[in-house]
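These notes concern the structure reproduced below.
What follows draws every value from the coordinates through simple rules; no lab data is involved. None of the values given here were measured: they were computed from a predicted structure. So basically every Cβ, Gly included, is an ideal-geometry build from the backbone, and we count neighbours across all protein chains shown.
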Amino acid sequence: MTQTNLSNRFVGWPRGKLLGGSSAINAMYLMEPGQHVRRNEEKGNFTPFSPRVQSVVSISYDTSTHESGGPMQVSYLAVIINITANWTSALADAGYPTLEALNGGVTMGAFITPSSINPANWTRTYSRSAYIDSLPPRSNLHIFPQATVT
């Protein structure tokens, strides 16, 4: 699909060509973009939907930006190596704030990014595993694996 802001050019982005899209092949990080890069609510902001889809497990975080009981499992690494463990304190020593509300709109600061990993069995959680795999067989669910999403 051509893009107006790219001088009406098409730029291929061969990612996520499987059921579940790019959520199945990314680095398993799960956080919202900062408010400085967000679009208006009427243009499809992710914020209203984010808290309802996840269940955050472990580490300190701001509970006002998360809920629990959603199908997407969000957790932190079971083992954090020293360079990662010292990340937030090193940046705090350099004058950067330590963030606990990653989905609160401010993403400039020190934080450890949560991952879309189910800590019960350490498997990736993504849109297909969260929303499709758990469904019973249904006659009204039709999946078109060769369809292109634009």
Open item on the list: Given N residues in the range 90-150, what is its alpha carbon radius of gyration divided by 2.2 N^0.38 Å?
Closed with: 1.79
Task: Length added when fully stretched, residue 132-residue 110, from 0.36 nm per residue minus Cα-Cα - done: 4.5 nm
- [ ] Please work out the FRET efficiency for the pair residue 142 and residue 13, using the Cβ-Cβ distance as r and a Förster radius of 35 Å; give the result to the nearest 0.05.
- [x] 0.85
Task: Simple spin-label estimate for residue 87 and residue 6 in nanometres, 7 Å along Cα-Cβ - done: 2.9
